[in-house]
Amino acid sequence: MRALLLGGAGFIGLHLARRLVADGHEVTIVDDFSRGRDDADLDRLRNDPAVRVVSGDLTAPETWAALPTGWDQIYLLAAVVGVRNVEQDPARVIRVNTLSALHLLDWVAPGERVFFASTSEVYAGGVTAGVVPVPTPETVPPMISDIAAPRFAYAASKLLGEAAFLHTARAKGFETVVGRFHNVYGPRMGADHVIPEMSLRALRGADPFPVPGADQYRAFCHVDDAVEAMLRLMAAPAAAGQIVHIGNDREETNIGDLAKLVLRVAGVSPAVAPEAAPPGSVARRCPDLSRLRELTGYEPTVSLEEGVRTTFSWYREHAWAR
């Protein structure tokens, strides 16, 4: 099988590439390295004869003109993500995320199969408004509570992408699966997400130890489980044309308790200092995975404690901690 990973040098992309190669497939990674890292992890993958790495800007037509068609699977993972990036430059979020999607839709050939990476943020406003249940199924109406808020630029770009892929796939004759990720975490995900942030603060000896949103709840999904879900969805004929939630609904946890777990794994005991959650942050997030289970038989296998331990270990062993 030949797989094209757009944004494949990023967090989820690199873990997906490793899994595809381990399963015996050929992988081409395209990335502009604005967020994806050209590091030792990518070098090890690049040295495999089954892997090709292309540096390219997915918002530029010439990048697409140089790419061949005829792929068995295509994954659009490239996007500007992270609350800090979104708040600092929401216009860039809209431009990059939308142009990457629209160029792919112009370029993709009939008969190919595309995975579009979306997010739980497309319905988060409904949770905050109290009109969306938690755990949340795919059938709830998407809701962006304040289109003028910078944070929602990301959700708006992904909501547009969902509609664009679902409708264009039918019109153009290719297959698409929309996967909405829910709090995926793991090694090599950068420093702008809650579990890496906590790990780095613990490694640097923060005392007091700040915990923004300590009263909120999340259901975290280890990246290995997320990759398994993606591969199963791309192999399931019935998943074509569907929006499917991807996550781990078995271990919804309080953020304050998550901090205690990270500190225990780190072997430190600073004073914990709860802080207000970032503006626009949803109080609770947990997916209903009924559709994913029905389509693929998926069950998450990595416990939160196991995942936090492996993630913390990675950050301790790499330059992020220095």
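The values are calculated or read from the model by the stated rules, or taken from the named source; none is laboratory data. From a predicted model like this one, the values you see are computed outputs, not experimental measurements. Every residue, glycine among them, receives a Cβ derived from its backbone with ideal geometry; neighbour counts consider all protein chains shown. These area figures cover heavy atoms from the full protein model, side chains too; ligands, DNA and RNA do not enter into them. Shrake-Rupley method; radii C 1.70, N 1.55, O 1.52, S 1.80 Å.
Answer yes or no as to whether Thr119 is under 24 Å from Val282 (Cβ atoms), touching a strand residue (DSSP E or B) at 6+ places or on another chain (Cβ under 9 Å) and among the hydroxyl-bearing types (Ser, Thr, Tyr).
The answer is yes for Thr119.
The helices (runs of 4 or more DSSP H) falling completely within the range 10-99 that include 1 or more residues that are under 20 Å from Arg180 (Cα atoms) and out of contact with any Asp or Glu (no Cβ under 8 Å at 6 or more places or on another chain) map to 11-22, 83-88. Among the residues of the range 225-283, those identified as open to solvent by less than 60 Å² (accessible area, probe 1.4 Å), modelled with pLDDT of 95 or more and not aliphatic (A, V, I, L, M) are Asp225, Glu228, Gly241, Gln242, His245, Gly247, Asn248, Asp249, Thr253, Asn254, Gly256, Pro270. Of the residues Ser34, Ser55, the single one that is open to solvent by 40 Å² or more (accessible area, probe 1.4 Å), among the hydroxyl-bearing types (Ser, Thr, Tyr) and under 22 Å from Phe152 (Cβ atoms) is Ser34. For the criterion of being at pLDDT below 95, more than 28 Å from Ile144 (Cα to Cα) and open to solvent by 70 Å² or more (accessible area, probe 1.4 Å), Arg322 passes. Residues that are in contact with a Gly (Cβ under 9 Å, 6 or more places away or on another chain) and modelled with pLDDT of 95 or more: does the range 19-27 have at least one? Scanning the range 19-27 turns up at least one residue that is in contact with a Gly (Cβ under 9 Å, 6 or more places away or on another chain) and modelled with pLDDT of 95 or more. Scanning the range 178-187 for residues that are in contact with a His (Cβ under 6 Å, 6 or more places away or on another chain) and in a strand (DSSP E or B) yields a single hit, Arg180.
Quick grid of which residues meet (1) in a loop (DSSP other than H, G, I, E, B); (2) open to solvent by less than 10 Å² (accessible area, probe 1.4 Å); (3) modelled with pLDDT under 95; (4) within 23 Å of Val80 (Cβ to Cβ):
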| position | (1), (2), (3), (4) |
| --- | --- |
| Val114 | no, yes, no, yes |
| Glu138 | yes, no, no, no |
| Ala149 | yes, no, yes, yes |
| Tyr154 | no, no, yes, yes |
| Leu160 | no, no, no, yes |
| Ala163 | no, no, no, yes |
| Leu166 | no, no, no, yes |
| Thr176 | no, yes, no, yes |
| Gly190 | yes, no, yes, yes |
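Here's a check for you: in the range 58-104, which residue that is surrounded by 18 or more Cβ atoms within 10 Å (Cβ to Cβ) and among the small types (Gly, Ala, Ser) is nearest to Glu228 (Cα to Cα)? Step by step, filter the range 58-104, then rank; the result is Ala78.
Out of the residues in the range 197-213 meeting the condition of being open to solvent by 20 Å² or more (accessible area, probe 1.4 Å), of a type outside the set (Asp, Glu) and in contact (Cβ under 8 Å) with a residue 40 or more places away in the chain, tell me which one is farthest from Gly267 (Cα to Cα).
Pro212
Across the range 297-312, the number of residues qualifying as open to solvent by 30 Å² or more (accessible area, probe 1.4 Å) and either polar (S, T, N, Q) or in a strand (DSSP E or B) (or both) comes to 3. If you take the residues of the range 117-131 that are touching a helix residue (DSSP H, G or I) at 6+ places or on another chain (Cβ under 8 Å) and among the β-branched types (Val, Ile, Thr), which of them is nearest to Ile246 (Cα to Cα)? So, considering only residues that are touching a helix residue (DSSP H, G or I) at 6+ places or on another chain (Cβ under 8 Å) and among the β-branched types (Val, Ile, Thr), the one nearest to Ile246 (Cα to Cα) is Thr119. The residues in the range 262-296 that are among the small types (Gly, Ala, Ser) and part of a helix (DSSP H, G or I) can be counted, and the count is 2. Cβ-Cβ distances below 6 Å connect the following pairs, each with a first residue in the range 257-271 that is more than 13 Å from Leu200 (Cα to Cα), a second residue that is open to solvent by less than 70 Å² (accessible area, probe 1.4 Å) and not in a loop (DSSP other than H, G, I, E, B), and a separation of six or more residues or different chains: Leu261/Val308; Pro270/Phe209.
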